[in-house]
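Q: Starting off with a structure, shown below.
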Amino acid sequence: MEMRLHHVQVSCPAGSEDDLRAWYGGVLGLVEVSKPPVLAARGGVWFRAGEAPGGLELHCGVEDGFRPARKAHPGIAVADVDALAAAVAAAGGEIRWDDSIPGLRRFHTDDPVGNRLEFQQA
């Protein structure tokens, strides 16, 4: 049976959607995806990288009592990890390079609400 990852969901506090749009859309270049109306009423925002179907989706879902994920994180492979790190740094994001895995160039950063994200060279 063929399987592929469709999306990853991270949590966010209510009212953070505009900050998330600026980060995921503006800094990272993801495209906002319209949520189905019944889900849109719950808040949050969805993004996609690549063409549908098959493009990576990242969903930010409102969670009562939100606390950012500090260990759990999506790991996203990108074509030019150094260029993305420069864009994140230019936007004020912290870049934490990690050489723990030999041969893999990667860094961690946090989204505007504190969720940990990993980006690695594809």
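The values are calculated or read from the model by the stated rules, or taken from the named source; none is laboratory data. In this text the structure is predicted, and so the values were computed from the model without any measurement. Ideal geometry is used to build each Cβ from the backbone, glycine not excepted, and the neighbour counts take in all protein chains shown. Ligands, DNA and RNA are stripped out before the accessible areas are found, and what is left, the full protein with its side chains, is counted by its heavy atoms. Shrake-Rupley method; radii C 1.70, N 1.55, O 1.52, S 1.80 Å.
Q: Once both labels are modelled 7 Å past Cα along the beta-carbon direction, what's the S34-Q121 spacing in nm?
A: A separation of 4.1 nm, rounded to one decimal place.
Q: Spin-label point model (7 Å from Cα, Cβ direction): what's the D99 to A79 distance in nm?
A: Simple spin-label model gives 2.7 nm for this pair.
Q: Can I ask one more? Using Cα atoms only, what is the angle between the long axis of helix 81-90 and the major principal axis of the chain, expressed in degrees (0 to 90) to the nearest 10?
A: 60 degrees
Q: With the contact rule set at Cα under 8 Å and sequence spacing of 6 or more, what percent relative contact order holds for the range 1-108?
A: Reported relative contact order: 27 percent.
Q: Return the single residue from P13, P36, P68 with maximal mean-square fluctuation; model: Gaussian network over the chain, springs between Cα atoms under 10 Å.
A: In this elastic network of the chain, the residue with the biggest mean-square fluctuation among P13, P36, P68 is P36.
Q: Give the percent of DSSP beta bridges with both residues in the chain that are antiparallel, rounded to the nearest 5.
A: Percentage antiparallel, nearest 5: 60.
Q: At 1.4 Å probe size, with every protein chain present, just tell me what the per residue accessible area of the chain comes to in Å².
A: Ligands and nucleic acids excluded, the result is 59 Å² per residue.
Q: Tell me which residues come under 5 Å, amide H to amide H, from L30 once H is placed; ignore anything under 5 positions away on its chain.
A: The answer is G25.
Q: Here is a further query. Dividing the alpha-carbon Rg of the range 1-95 by 2.2 N^0.38 Å yields what?
A: Compared with the compact-globule rule of thumb, the range 1-95 sits at 1.12.
Q: Then there's this: With every protein chain left in place and a probe of 1.4 Å, what is the accessible surface of E63, to the nearest 10 Å²?
A: Here the residue's solvent-accessible area equals roughly 90 Å².
Q: Rounded to the nearest 500, what is the 222 nm mean residue ellipticity of the chain from helices alone, with -39500 (n - 2.57) per DSSP H run of 4+ residues and division by all residues?
A: That comes out to -3500 deg cm²/dmol.
Q: Summarise the accessible area of the chain (1.4 Å probe, protein heavy atoms) by the percent that is carbon and sulfur.
A: Taking all protein chains in place, the chain shows 53 percent carbon and sulfur surface.
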